[in-house]
Amino acid sequence: MPRLPALRWGLLGSVLLALVSSATATADRVTTSKIPLSAVVTSPCSLDVITFTGTAVLTVTETIDPNGSVKPRLDGAVQDPHAVGLLFSYNFKDDLGSADLVKVGDLYKATFTDRLHFIRLGPGGNQQSDDLFITVIVHATIDSSLVPTVDRLDYLVDCK
């Protein structure tokens, strides 16, 4: 008979632990969208006409705390960035991105910026000293289903 009370206490402890865990848990909603990128730009370094392509991948996460507060987050990256010039080839080196998300009524306004660094290749395939930077800025509206609609794409070009 002593096993029965111990079993009840063990069961009660398990139920209490489950209730405490569920009270502190959060619910997440996550969506990922791919936005094709394509632009023809002129390099201020070499006056080369460059076709830039890639895919912006935006991930929107909405975390809902047990008290009901919503915490949105936007993450992004440009996948497979390519820059092909009429005169030169370019190697992708690295990038630096940032994202901003603001709630406006039932929607979010989002801005994703990624500064992509390319290096011009010479005739023998050796890297030249000029660095080409293509900055992609995605302005989007994100609906209640967390699906972005692109409002505008901007491409900025500079070199060092």
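The values are calculated or read from the model by the stated rules, or taken from the named source; none is laboratory data. Quick caveat, the model's predicted, so the values are computed rather than measured. Note: ideal-geometry Cβ built from the backbone for every residue, glycine included; neighbour counts use all protein chains shown. Only protein heavy atoms, including side chains, enter the accessible area calculation; ligands, DNA and RNA are left aside. Shrake-Rupley method; radii C 1.70, N 1.55, O 1.52, S 1.80 Å.
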*Carbon and sulfur %, accessible surface of the stretch 99-160 computed with the full protein complex present, 1.4 Å*: 52
*So what are the three principal axis dimensions of the stretch 60-114 from its Cα atoms, in whole Å, longest to shortest?*
58, 20, 13
*On the full set of protein chains, 1.4 Å probe, figure out the accessible area of residue 32 and give it in Å² to the nearest 10.*
90
*Value of D in µm² per second that Stokes-Einstein yields for the stretch 32-85, Kirkwood Rh from Cα pairs, at 25 °C (0.890 mPa s)*: 181
*Which of the pairs 34/160; 34/103; 34/93 have their Cα atoms more than 28 Å apart in this structure?*
34/160
*Can you tell me the equivalent ellipsoid semi-axes for the stretch 20-119? Use √(5λ) from the Cα gyration tensor, largest first, whole Å.*
39, 13, 10
_Cubic angstrom per residue, convex hull over Cα atoms of the stretch 69-160_ = 105
_Residue-normalised accessible area of the stretch 50-139, expressed per residue, 1.4 Å probe, Å²_ = 51
_Hz values of 3J(HN,Hα) by residue in the stretch 43-59 - Karplus curve (6.51, -1.76, 1.60), Gly and Pro given as x_ = 6, x, 6, 10, 6, 6, 8, 10, 9, 10, 9, x, 9, 7, 10, 10, 10
*When ranked by the protection proxy of mean other Cβ atoms within 10 Å per residue, highest first, what sequence do the peptides 67-75, 82-90, 38-46 form?*
82-90, 38-46, 67-75
*Note down the relative contact order for the stretch 43-103 as a percent, whole number, built from C-alpha pairs under 8 angstrom at least six residues apart.*
35
